[in-house]
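Only the coordinates and a few stated rules stand behind these numbers; no lab work does. The structure presented is a predicted model; accordingly, all values stated were derived computationally and were not measured. Note that we place each Cβ from the backbone using ideal geometry, even for glycine, and neighbour counts take in every protein chain shown.
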Amino acid sequence: MKATERFKKRYVLFRVIGEQGATESEVRNCVHEAVLSFFGEDGVSCAAFKLVHYGHAKKIGIARVQREQAGKMVACISLVNSIAGKGARLECVRSSGTVAALLRKA
């Protein structure tokens with residue numbers, strides 16, 4: 001793959017706020033559904049969303065997104081208000097160019 005074909009990445013650190021813990025697959029699915037409803041199918045592919053890390057104990061997650069779509073993804077993640085039918089919301093803490101920087105700040 002040529003270097004020009006790859007996209008630049010941003011990583012978004014978010015916190016799950018809710019009484020009950022959610023599994024990694026539940027968080028991934030709810031964010032994917034939020035991105036799908038906010039952006040549509042074309043936007044999902046452009047955003048290149050991927051859940052890179054989710055810590056069940058600390059209730060924090062790290063999502064990888066395309067750099068140009070990072071602001072829209074932060075807004076989209078903030079719109080989540082339930083995870084698998086349970087009352088919970090996602091709060092974006094910060095974004096960075098590397099996962100290591102986010103893990104140091106988490």
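Things to note:
- Cα-based helix-to-principal-axis angle, 24-39 vs the chain, degrees rounded to 10: 60 degrees
- Between Val93 and Phe7, the distance separating the two model label sites (each 7 Å from Cα on the Cα→Cβ line) works out to 2.5 nm.
- Within straight-line cross-link reach of Lys105, lysines at Cα separation under 26 Å, skipping those fewer than 8 residues along the same chain: Lys8, Lys9, Lys50, Lys58, Lys59, Lys72
- Between region 60-87 and region 1-40, the Cα center-to-center distance that results, in Å: 5 Å
- Cut-off 12 Å between beta-carbons: net charge of the residues surrounding Cys46, Lys and Arg +1, Asp and Glu -1: -1
- Coordinate range along principal axes, alpha carbons of region 10-106, Å, largest first: 33, 31, 18
- Low-density loop positions, trypsin sites (Lys or Arg not before Pro), region 3-85 - DSSP coil, at most 13 other Cβ in 10 Å: Arg6, Lys8, Lys58
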